[in-house]
Structure formats: structure tokens, C-alpha cells
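What follows is one structure encoded as C-alpha cells, with my remarks underneath.
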Amino acid sequence: MRDTRPANSFPVVEPVVELASLRRTNDVFNHVPYVSDLENWHVEDYWATPLETLGSVGGDCEDYAIAKYLTLKELGIPKERMRITYVRALERDESHMVLAYYARPDAEPLILDNLVPEIRPASQRPDLEPVYSFNDDDLWLPTGASKKGGASQVRLWRDLLEKLAKEQRM
């Protein structure tokens, strides 16, 4: 049978199942204790794999966003619906990372975050200012402009993918 969906549509997945998966995954990783990279890994910035985060019993915002993204991918959520999003947490005046979920390409994203445990639409998160976002394939700027293959330009993402590949060979 031929796929007749428009080219810009996402694969069909049951929305209720996706929302339940989002909530459960968000809750699980938000219960991992916060530990700074300096304290946990003795470096300024380290992006841990989910196994490293759980094994060290601690993580920071990047680790939570990455673990949520990779877990949801494993649960069957299409990567095209998710973006790891680097933001400015305005009330804290610091860099921060969250996971954005798009039910449709033109939908307002839902934000999965450790600072605000409830999943909320981006419009209800005025405390966050997007800087850039990415998934396995692309990188987006706040203007909406995307760059195919741009995620490969994020050094810490490349390092993370190498660590994931090593873990899979174990």
C-alpha cells in the first residue's frame, strides 16, 4: 500500500499513547537527582548518556533532555517530533536545555523540563528563550531556519553519539 501522507507530515502514532509516554518519561528522568557536571564529571560541560546518568545517580539539564529524547525514540516516538532545545532560562539567567515535542510540524511544542515538572506548551513557558534546537538530523535557529545535517556540528552531540555507540558494543 502506498503512503499518501503529505511529505511534511509525521508518521502516524496514536496521540494518546505518545502523551502517556511523554509524561512517564518526563517523570522518570525528573526524579534523577540534580548533580552539576563539575561535581559529577569534574568538567565544566559534559553530556552524559542515559546509562551514565542513571549509573551515576545524577545529572543536569542536558542529561535529562538527552535521556528523554533517546528514551522516547526507543519507545517509538518519531525523532522528527522532538528537538533537544538549548534555551536561556531567563529567571535564573543561565543556559538550560529542555526537550520540545511537536505533535505536528506546525504545532506549538510541548516542553519537557526538569525546572517545571509539568509538561506545558511553549507559550506557557515565557521563562525560556530558545537559542537553538536539534535532533539526530537537523539543527534549527530561533527564526525557524533549519540546516540539514546541522546536528553534526554540535561537538558535544557528536561526542555523545560516540559514547552511545561504545555502550551498544558492550
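Each principal axis of the chain carries a Cα extent, and these read 52, 42, 31 Å when sorted largest first.
How many Å² of accessible area per residue for the chain, probe 1.4 Å? Provide the component values of the computation, followed by the final result.
Numbers: 9780 Å² over 170 residues.
It amounts to 58 Å² per residue over the chain.
What residue among Ala20, Gly76, Ser152 has its Cα farthest toward the positive end of the dipole of the chain, where the charges are +1 on Lys, Arg and -1 on Asp, Glu, each on the Cβ? Value computed over the given set: Gly76. Considering only alpha-carbon pairs that sit under 8 angstrom and 6 or more positions apart, the relative contact order computed for the chain is 18 percent.
For helix 15-30, what angle does its Cα long axis make with the longest principal axis of the chain, in degrees from 0 to 90 and rounded to 10? Compared with the principal axis, the helix lies near 10 degrees.
Axis angle, to the nearest 10 degrees, between helix 155-169 and the longest C-alpha principal axis of the chain: 90 degrees. Pick from Asp37, Asp93, Asp138: which residue has the top mean-square fluctuation in a GNM of the chain where Cα pairs under 10 Å get a spring? So, out of Asp37, Asp93, Asp138, the one fluctuating most is Asp93. Whole-Hz Karplus values for segment 79-91 come out as 4, 5, 8, 10, 9, 6, 10, 8, 10, 9, 7, 5, 5 Hz, taken residue by residue from phi with 6.51 cos²θ - 1.76 cosθ + 1.60 and θ = phi - 60°; glycine and proline positions read x. Cross-link partners for Lys148 among the lysines, with Cα-Cα distance under 24 Å and sequence neighbours closer than 8 places in the same chain left out: Lys68, Lys73, Lys79, Lys163.
Counting only protein heavy atoms, what percent of the accessible surface of the chain is carbon or sulfur at a 1.4 Å probe? Let's see the in-between values first.
Working: 5350 of 9780 Å².
Of the solvent-accessible surface of the chain, carbon and sulfur hold 55 percent.
Put a dot 7 Å past the Cα of Val43, heading toward its Cβ, do the same for Leu75, and the two dots end up 2.9 nm apart. Axis of helix 61-74 versus longest Cα principal axis of the chain: the two differ by about 40°, to the nearest ten degrees.
Taking Ala145, Ala100, Ala67 as the candidate residues, the one with maximal mean-square fluctuation in a Gaussian network model of the chain, Cα springs under 10 Å, is Ala145.
Summary of packing: across the peptides 121-132, 158-169, the per-residue average of other C-beta atoms within 10 Å ranks them, highest first, as 121-132, 158-169. Using the Cβ-Cβ distance between Leu90 and Ala165 with R0 set to 35 Å, the FRET efficiency from 1/(1 + (r/R0)^6) comes to roughly 0.45.
Of all aspartates and glutamates in the structure, those lying under 13 Å Cα to Cα from Lys147, and not within fewer than 8 positions of it along the same chain, are Asp136, Asp137, Asp138.
The values are calculated or read from the model by the stated rules, or taken from the named source; none is laboratory data. Source: prediction; values computed, not measured. In this analysis, Cβ positions are derived from the backbone assuming ideal geometry, glycine residues included, and neighbour counts consider all displayed protein chains. What goes into the accessible areas is simple: the full protein's heavy atoms, side chains included, and nothing from ligands, DNA or RNA. Shrake-Rupley method; radii C 1.70, N 1.55, O 1.52, S 1.80 Å.
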